[in-house]
Amino acid sequence: MSAAILPPRGVVARVPAKVNLELRVGPRRADGFHALSTVYHAVDLTDEITVESAEEWGVTVLGPYAGRVPTDESNLAMRAARAVAALADVDEPVHITIDKSIPVAGGMAGGSADAAGTLLACDSLWQTDLSRSDLEEAAAELGSDVPFLLTGGTAIGSGRGEQVVPVLTQGTFHWVFALHHSGLSTADVYAECDRLRADEDVPVPEPSGELMTALRAGDVDQLASALMNDLEPAACSLDSTLRKTMAAGLTHGALATTVSGSGPTVAFLARDKAAALDLMVSLSADGVADDVVHARGPAAGAHILNDITVR
Ligand SMILES: C[C@@](CO)(OP(=O)(O)O)[C@H](O)COP(=O)(O)OP(=O)(O)OC[C@H]1O[C@@H](n2ccc(N)nc2=O)[C@H](O)[C@@H]1O
Ligand SMILES: Nc1ncnc2c1ncn2[C@@H]1O[C@H](COP(=O)(O)OP(=O)(O)O)[C@@H](O)[C@H]1O
């Protein structure tokens, strides 16, 4: 007698953080967003999202950054769960537990990552018949970089960042991230970027060929010379400590540095794992960041780890 196939009581998803290898910011559009050309790169610094059937809707956040994440309806994971319930016409409350390692408001899409992981976990828990494109559309409505976190790997983002095309990447790249727990508001950094470029004629951005060549070849030195982020001056203008952090990493042998997204996380590219670990020790000794972590890219996008079918 085959065991009955029980629907899962809970589902666990893992989702990566991201760094922007290239972030070209165009003019602000009529809808308030900026036209972007960016190259996203997922790294194996991850959050784990557990979604379980419950008597009422709720969110719990675990980990070192828990105190800085809302647990009401504004939580991006809760907004994602509500979105799947509405799309699939489901009325079954869930409790969402976020085991968080991705820094909050750090420029690594931490909240967007949780939204992407929860979209997948709820879709699996409720065994909906939503298509991948249904989930991608829901992701784009939750945030401009949420669709990339469903995809993972390395990809070109355009539009406001929600249009994602994967990019062929050879090899593994070793990164060191210098975290600043103060955080920066993404909207404030974009506004500061506009202020700093007020009298410039800002072109519609296009991806650079040098970066694509470096990624296809897995050439870390060519990648180092291709990193760029138009939001870097704005992030540094709002957080004056970033330039000191960036300089320290270069002094200690990082191949290159860039502010991750809207910051304040500072990303350093290392030649290999040994160089990354040495750089972590030096940066920690310098005291130029609140925390220093090593991560590798590219990493997989949001994916289901397992179903919890315990009754
Ligand atoms: C800056 C980037 C770079 O990848 O990442 P983070 O640093 O946030 O991780 C993204 O553009 C962030 O994406 P995301 O955080 O999803 O932004 P959204 O929630 O869509 O928008 C938040 C706010 O950022 C500004 N915004 C966002 C995207 C965009 N193309 N232009 C903008 O001007 C708008 O003020 C918007 O109200
Ligand atoms: N699940 C979540 N994880 C992190 N931040 C969240 C979450 N839900 C809502 N937020 C709010 O979203 C804001 C931006 O979060 P985050 O995506 O981490 O920033 P960034 O895009 O700079 O990485 C935070 O200030 C936080 O209050």
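The numbers here are math on the coordinates, done by the rules we state, and not lab data. The model shown is predicted, which means the values in this text are computed figures rather than measured ones. As a convention, Cβ positions derive from the backbone with ideal geometry for all residues, glycine included, and neighbour counts pool all protein chains shown.
The magnitude of the dipole of segment 240-298, with charges of +1 and -1 set on the Cβ of Lys/Arg and Asp/Glu and taken from the Cα centre, is near 160 debye. Full extension of the chain between Val90 and Ala198 yields a length gain of 34.2 nm, computed as 0.36 nm times the residue separation minus the alpha carbon distance. Within segment 52-75, what residues put their amide N at less than 17 Å from the label point 7 Å along the Cα-to-Cβ vector of Gln127? Within reach of a label on Gln127, which here means backbone N under 17 Å from a point 7 Å along Cα→Cβ, segment 52-75 contributes 52-54. Between Glu210 and Ser185, the FRET efficiency from the beta-carbon distance, with R0 = 30 Å, is close to 0.45.
With R₀ fixed at 25 Å, the C-beta to C-beta distance from Ser237 to Arg28 puts the FRET efficiency at about 0.90.
The alpha-carbon positions of segment 192-311 define a convex hull whose volume is 193 Å³ per residue. Between the alpha-carbon centers of segment 10-58 and segment 94-109, tell me the distance in whole angstrom. The distance from the Cα centre of segment 10-58 to that of segment 94-109 comes to 10 Å. With neighbours defined as other Cβ atoms within 10 Å of a residue's Cβ, the residues Tyr190, Tyr65, Tyr40 order from fewest to most as Tyr190, Tyr65, Tyr40.
Output the relative contact order of segment 10-167, whole-number percent, from Cα pairs under 8 angstrom with separation of 6+ residues. Dividing the mean separation by the residue count of segment 10-167 yields 29 percent. Magnitude of the charge dipole for the chain, about its Cα centre and with charges confined to Cβ atoms of Lys, Arg (+1) and Asp, Glu (-1), is about 660 debye.
In this simple spin-label approximation, Ala217 and Arg271 carry label points 7 Å from Cα along the Cα→Cβ vector, and these lie 1.7 nm apart.
If you run the Gaussian network model on the chain, springs between alpha carbon atoms under 10 Å, then out of Arg195, Arg82, Arg68 the most flexible one is Arg195.
A Förster radius of 22 Å, combined with the Cβ-Cβ distance separating Ala300 from Gln163, puts the computed FRET efficiency at roughly 0.60.
Ranked from largest, the principal axis spans of the Cα set of the chain equal 64, 45, 38 Å. Legend: ranking of residues Cys236, Cys122 from fewest to most surrounding C-beta atoms inside 10 Å; resulting order Cys236, Cys122. Scalar couplings 3J(HN,Hα) for segment 109-120, obtained by applying the Karplus form with A = 6.51, B = -1.76, C = 1.60 to θ = phi - 60°, are 6, x, x, 4, 4, 5, 5, 5, x, 6, 4, 5 Hz; x denotes Gly and Pro. Each Cα pair under 8 Å and six or more residues apart adds its sequence gap; the mean of these over the residue count of the chain is a relative contact order of 28 percent.
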